[in-house]
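Here, each number is a calculation from the coordinates, and none is a lab measurement. Small disclaimer: the values here were computed from a predicted structure and weren't measured. Counting neighbours? That spans all protein chains shown, and the Cβs are built from the backbone with ideal geometry, glycine included.
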Amino acid sequence: MPMNLLHRKLCASRRWARMVAEHLPPSLDGIDLGDDVLEIGPGFGATTRVLVDLVPRLTALEIDADSVRGLRGEFGDRVEIVHGDGTRMPFPDGRFSAVVCFTMLHHVPSPDLQDKLFAEARRVLRPDGLFRGVDSQPSLMFRLLHIGDTMVVLDPATLAGRLQQAGFAEATVHPADGILAFTAH
Ligand SMILES: C[S@@+](CC[C@H](N)C(=O)[O-])C[C@H]1O[C@@H](n2cnc3c(N)ncnc32)[C@H](O)[C@@H]1O
């Protein structure tokens, strides 16, 4: 999964970790993730570090082998770190109470693969489960950061329809300030 050096440094930085620690918990206010949560694309662990204290059981699925090693070293048995691909998840149908992903969908290299990931999230969720995602929207800085990186941004106008196509009954999309958040049931 190509990420340029600057981008990797930012995602691994204390500054990014502090920003996530400040903004992620309030962004989940009023959202019940339930007892068995899957995070897709934990990367260097900034979001995982917050989630692990918010939910009873956390599994994280990461495609990049180096990141998997780092995450296992940091989290030990507090989080089950699985090496794998969100478009082909190694989990049984209907296992999780919630699936979440933060700032990772634009790294999935095509809309078709993103749709596969959405369908996989639906498959591994319980019937009453919830899929929550947050991703970036394009800006000059975002484009500069992604020189040489995968950058397939989500279109807020089509996202709810794509989630419904993937099997979700209901999807709400909230674009604001360079960020796109969605919740699907
Ligand atoms: C920009 S990082 C975001 C990490 C973290 N969520 C955060 O906000 O700090 C995106 C991560 O998603 C991972 N990723 C990309 N495609 C993936 C896929 N298909 N399945 C699982 N992980 C994936 C990348 O390897 C990378 O570690």
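State all residues of segment 5-25 that are within 11 Å of the ligand (Cβ to nearest atom) and either exposed (fewer than 12 other Cβ atoms within 10 Å of the Cβ) or not hydrophobic (A, V, I, L, M, F, W, C) (or both); if no residue qualifies, say none. Once the filter is applied, which keeps residues that are within 11 Å of the ligand (Cβ to nearest atom) and either exposed (fewer than 12 other Cβ atoms within 10 Å of the Cβ) or not hydrophobic (A, V, I, L, M, F, W, C) (or both), segment 5-25 yields HIS7, ARG8, SER13, HIS23.
Taking residues in segment 81-99 that are more than 9 Å from the ligand (Cβ to nearest atom), and partners anywhere that are assigned to a strand (DSSP E or B) and among the aromatic types (Phe, Trp, Tyr), the pairs with Cβ atoms closer than 7 Å and at least 6 places apart or on different chains are VAL99/PHE131. Scoring LEU113 on the criteria (1) within 12 Å of the ligand (Cβ to nearest atom); (2) at positive phi leaves a single failure, condition (2). ARG132 meets the conditions (1) surrounded by 15 or more Cβ atoms within 10 Å (Cβ to Cβ); (2) without any contact (Cβ under 8 Å) to a residue 60 or more places away in the chain in every case but one. The failed one is (2).
The single condition among (1) part of a strand (DSSP E or B); (2) in contact with a Pro (Cβ under 8 Å, 6 or more places away or on another chain); (3) surrounded by fewer than 17 Cβ atoms within 10 Å (Cβ to Cβ) that VAL173 does not satisfy is (3). The set of residues in segment 1-31 that are over 28 Å from THR172 (Cβ atoms) and polar (S, T, N, Q) comprises ASN4, SER13.
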